[in-house]
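S.K.: Here you go, one structure.
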Amino acid sequence: MKLKAPVTTRRPEPDLTSLINIVFLILIFFIVAGTLRPFSARDIQLARTQPDSAGVSVPANLIAHADGRVTYRGEIVPLEELGTRVSRDRNNTERAPLTIVADARLNAKRLLEIMRTVRGPGVGEISILTEQLREK
Amino acid sequence: MRINEPDCPKRNISLTPLIDIVFLLLVFFMLSTTFLKFGTVKLDAASSGDGVADPAKIVLVHIDGERRYKVSGVRIKNAELIEAVNRLVDAGARDAVIVVRDEAAVDDLVNAVRLLRQSRASSVRIVE
């Protein structure tokens, strides 16, 4: 009996060059046109201000959520521990400014309470991160 | 003289690992970049007992939530806040004191602080 040898047709590799062109283009667009988000939480809606407030954005690791929870360095911290956690992380000799990422819908009194807790040695000016509206 | 051609066949470089990495970078940048413009508003709530303002020279601004404000008890529109405070500053007042009500949200507070800093009031304080 004569067996037929199996026909092995090697599929040619698809040409990836045009795909990689587009992907590089999109990558470079994102690197050049965007800036890194200063905080990682995605469900935060910032207070909106007219484009005139001081436009510095520093990485902020204290996040006050709309429901009153507080995230510090990526983990939820009860308010009682927040003050010690923040002052432990800061060098007590210098009063470094602190930026809080506060949700616009958060109760203002709760924010003031958080600010009172955080204030201490090593914490200088406290400011709130806002989203600036675009000039028309 | 005869030079032998080098007999190494031209091989296609596989682009698959390259595109793996490029896709990885692309996804990272897509998730971590933002096109928003950020700003900051300084918010230093004067804690009690920290230099009491002269009660005769303060402008009381109540924040009721949803950007509704009362200046010295009179309800005013958001756009008129600066004017209303300036009028009182011209009449002899000096410091603006923000009174935060229960219904007020962070958005209202930040907006009020920002507007009052633009007015001619010499200091802005926050009380609860």
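S.K.: Treating only the Cβ atoms of Lys and Arg (+1) and Asp and Glu (-1) as charged, compute the dipole magnitude of the range A:79-121 about its Cα centre; round to the nearest 20 debye.
M.R.: Dipole of the range A:79-121, to the nearest 20 debye: 120 debye.
S.K.: Further question on the same structure: Taking the Cα centre of the protein assembly as shown as the origin and placing charges on Cβ (Lys, Arg +1; Asp, Glu -1), which of A:20, A:71, A:123 is farthest toward the positive end of the dipole?
M.R.: A:20
S.K.: Sticking with this one: What are the ³J(HN,Hα) values, in whole Hz, obtained from phi via the Karplus relation 6.51 cos²θ - 1.76 cosθ + 1.60 with θ = phi - 60°, for each residue of the range B:31-38 in sequence order, with x given for Gly and Pro?
M.R.: 7, 9, 8, 9, 10, 6, 10, 9
S.K.: Say R0 is 35 Å: what FRET efficiency, to the nearest 0.05, do residue B:117 and residue A:31 get from their beta-carbon distance?
M.R.: 0.50
S.K.: Further, regarding this structure: Limiting things to C-alpha atoms, what are the Rg and the maximum Cα-Cα separation (Dmax) for the protein assembly as shown, in angstroms?
M.R.: Expressed in Å, the Cα Rg and Dmax of the protein assembly as shown come to 28.7, 114.
S.K.: Give the peptides B:101-114, B:80-93, A:107-120 in descending order of average Cβ contacts within 10 Å, highest first. If you can, show how the numbers build up before the last one.
M.R.: Numbers: B:101-114: 22.1, B:80-93: 16.1, A:107-120: 19.3.
Packing proxy ranking, top to bottom: B:101-114, A:107-120, B:80-93.
S.K.: From the phi angles alone, apply the Karplus equation (6.51, -1.76, 1.60; θ = phi - 60°) to the range B:118-128 and give each ³J(HN,Hα) in whole Hz, x where the residue is Gly or Pro.
M.R.: Going residue by residue, I get 7, 7, 8, 5, 7, 8, 10, 10, 10, 10, 9 Hz, with x marking Gly and Pro.
S.K.: Separation of the range B:12-44 and the range A:59-117 by C-alpha centroid, Å?
M.R.: Each part reduced to its Cα centre gives a spacing of 27 Å.
S.K.: Is there a quick way to get the dipole size of the protein assembly as shown? I mean about its Cα centre, with the Cβ of Lys and Arg at +1 and of Asp and Glu at -1; what is the value in debye to the nearest 20?
M.R.: The calculated dipole for the protein assembly as shown is roughly 720 debye.
S.K.: Can I ask one more? Which value, in debye to the nearest 20, gives the size of the charge dipole of chain A about its Cα centre, when Lys and Arg are +1 and Asp and Glu are -1 at the Cβ?
M.R.: So the dipole magnitude of chain A works out to roughly 580 debye.
S.K.: Between residue A:75 and residue A:134, 0.36 nm times their residue separation minus their Cα-Cα distance comes to what? Before the final figure, lay out the partial values.
M.R.: Numbers: separation 59, 0.36 × 59 = 21.24 nm, distance 3.23 nm.
Once the chain is fully extended between residue A:75 and residue A:134, it gains 18.0 nm.
S.K.: Given the alpha-carbon gyration tensor of the range A:48-132, what are the semi-axes of its equivalent ellipsoid in whole angstrom, ordered largest first, with each equal to the square root of 5 times an eigenvalue?
M.R.: Result for the range A:48-132: semi-axes of 20, 17, 11 Å.
Taken together, the values in this text are just the output of simple stated rules run on the coordinates, not laboratory data. Quantities reported herein were computed from a predicted structural model and do not represent experimental measurements. Methodologically, a virtual Cβ is constructed for each residue, glycine included, from the backbone with ideal geometry; neighbour enumeration extends over all protein chains shown.
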